[in-house]
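> Okay, handing you the structure first.
The values are calculated or read from the model by the stated rules, or taken from the named source; none is laboratory data. Not measured: the values here are computed from a predicted model. Using ideal geometry, Cβ is built from the backbone for each residue, glycine included, and neighbour counts are taken over all protein chains shown.
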Amino acid sequence: MHFAYTARDVAGKPRAGTVAAATVSEAATQLRQDGLFVVSLAEEKAQAATAAMKSAWRKRVSRSEIIAITAQLAVMVDAGVPVAQAVRGAGTQSVNPAMRELLDRIAGHIEAGDSVSAALARFPRSFDKTYINLMKAGEASGTLGAMLDRLAVQMRAEQETRQKVFGALIYPAAMLLMCISTSTFLLTYVFPKLTPMFSARKIDLPLPTKVLMFASGALTNYWYAFIAAAVVLVAFFCYSRTQSWGRRALDWFWIRIPILGPMLRKVALSRSVRTLATTVNAGVPMLESLKLAGNVANNVWFEEAWADAADQVTGGRQ
């Protein structure tokens, strides 16, 4: 690989160029051996694009792996191991190539002069804003090990809550799928066989039976229209999630749907309050903590409620 760098020599003069190395950390080490102080170091754009295409086929880093690595780093940092060395050591023990590459790149950025929070902020798909801000607070207070441990505990609690919610939804989802499958089978296979018998006898059928026979005929003769409508609905749902009006409507629906709505509200509220407690205890300013608490709710209505609370605190209310 080739890495583009900007650096300064012993006399303080700026230098720029490229260096060949296997990883970012090796490139940084090579430049330091040449007597240069690295200012910035990044993989060249052409090779970075190729690497990005290759990495798209690799296994992604899961949330559970991030939690495990965070807990592992907390132990090593508390034991006095330098952060870059701890990150690289955790990467060598990972069985996921994507995780090894991620941690190796983070360690390289730290060795090149980035702070831990700045190095992590380069990978927003793996480390969210809450994670980054807690790392900043840990660096500022000198309690990085304790902060990593607190983060691991919080993320593990959120993971358990998410698994409980998912487990609670499995049975209703399975029942709904079974009902849809059974209804489709009856309407497309059973009722078409009964319709000629009813028509031959010319008897006055009850209204529910007429409705079912009409639905059976429509589904049997115009199945392609139903498939097209389903595709359009899915596309509209995906598009609406990218629009502010669509997100507001869907978030309003999810928190007010019977049975599931109260549970989803409690989950969003518990996630926000847990994040607020962690960030405030870590020394993050209250306004920033309120904004982070709203961001992790994953619901626009809760985000607006937390933003309104932040505005009131800014206005002087306690």
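> Of (1) under 22 Å from the mean Cα position of the chain (by Cα); (2) surrounded by fewer than 20 Cβ atoms within 10 Å (Cβ to Cβ); (3) in a helix (DSSP H, G or I); (4) not small (Gly, Ala, Ser), Leu120 satisfies all except one. Which?
(2)
> Do the conditions hold for Ser115, that is, is it surrounded by fewer than 16 Cβ atoms within 10 Å (Cβ to Cβ), among the hydroxyl-bearing types (Ser, Thr, Tyr) and on the phi < 0 side of the Ramachandran plot?
So Ser115 passes the test.
So that you can scan it fast, the table gives a plain yes or no per residue for (1) assigned to a helix (DSSP H, G or I); (2) of a type outside the set (Asp, Glu); (3) more than 21 Å from the chain's Cα centre (by Cα); (4) within 24 Å of Arg156 (Cα to Cα):
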| residue | (1), (2), (3), (4) |
| --- | --- |
| Ala228 | yes, yes, yes, no |
| Phe236 | yes, yes, yes, no |
| Ser240 | yes, yes, no, no |
| Leu250 | yes, yes, no, no |
| Pro262 | yes, yes, yes, yes |
| Ser272 | yes, yes, no, yes |
| Phe302 | yes, yes, no, yes |
| Arg317 | no, yes, yes, no |
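> Since Ala297 meets every condition but one in (1) assigned to a helix (DSSP H, G or I); (2) over 22 Å from Glu139 (Cα atoms), which condition does it not meet?
All conditions pass for Ala297, except number (1).
> Among the residues of the range 249-263, is there at least one that is exposed (fewer than 12 other Cβ atoms within 10 Å of the Cβ) and farther than 25 Å from Ala309 by Cα? Show your work before the answer.
Taking the range 249-263 first, the residues exposed (fewer than 12 other Cβ atoms within 10 Å of the Cβ) are 253, 258-259.
Retained after the next criterion (residues that are farther than 25 Å from Ala309 by Cα): 258-259.
Yes, the conditions are met somewhere in the range 249-263.
> Next question, about the same structure. Would you call Phe127 aromatic (Phe, Trp, Tyr), surrounded by fewer than 18 Cβ atoms within 10 Å (Cβ to Cβ) and at pLDDT 85 or above?
Numbers: aromatic (Phe, Trp, Tyr): yes; surrounded by fewer than 18 Cβ atoms within 10 Å (Cβ to Cβ): no; at pLDDT 85 or above: yes.
When the stated conditions are applied, Phe127 does not pass them.
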